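Just below is one structure, and these are the notes that go with it.
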Amino acid sequence: MFKITITKRTHKQIFIRVDGPLIGPTVAGLKKICFECIEKKRRPNLDLRGVTQCSQSGVALLKQLQDRVDYSGCPLFIHSLVTAGTDAEDPAPNQDH
């Protein structure tokens with residue numbers, strides 16, 4: 001089950017906890033919430049420790065948001081997917097493990 005919870009609000013930030021699989025329509029839901037925060041001049045802080053899986057579209061969204069949000073509690077598997085290829089000119093090849 002996917003769940004988004006706003007855990008804290010400040011003048012400049014909104015703290016958002018994400019739980020469950022970040023796949024399919026849940027990606028669009030998270031994107032909508034994040035861009036609404038950004039439009040209101042509040043930087044989202046995403047707590048991703050509860051994310052259990054992340055689709056390619058979820059990874060693409062997290063990459064798109066990298067410079068606009070703060071991440072906390074990011075699981076290693078998501079961190080490695082989001083940062084893959086950022087230090088090189090070409091993205092890392094797609095690997096299935």
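Points worth noting:
- Distant-in-sequence amide contacts of Gln13, defined by a placed amide H-H separation under 5 Å and a gap of 5 or more residues or a different chain, comprise Arg43.
- Sorting the segments 72-79, 56-63, 25-32, 3-10 by their residues' average number of neighbouring beta-carbon atoms within 10 angstrom, most packed first, yields 56-63, 25-32, 72-79, 3-10.
- Total formal charge among the other residues, if their Cβ is under 15 angstrom from that of Asp19, Lys/Arg +1 and Asp/Glu -1: +2
- Residues whose amide H comes within less than 5 Å of that of Asp47, counting only those at least five positions distant or on another chain, are Ile16, Arg17, Val18, Ser72 (H built at 1.01 Å from N in the peptide plane).
- Neighbourhood charge, 15 Å Cβ-Cβ cut-off, centred on Gly29 and excluding it, Lys, Arg +1 and Asp, Glu -1: +2
No value in this document is a laboratory result; all are computed from the given coordinates. Computed from a prediction, not measured in an experiment: that's the story for all the values here. Note that we place each Cβ from the backbone using ideal geometry, even for glycine, and neighbour counts take in every protein chain shown.
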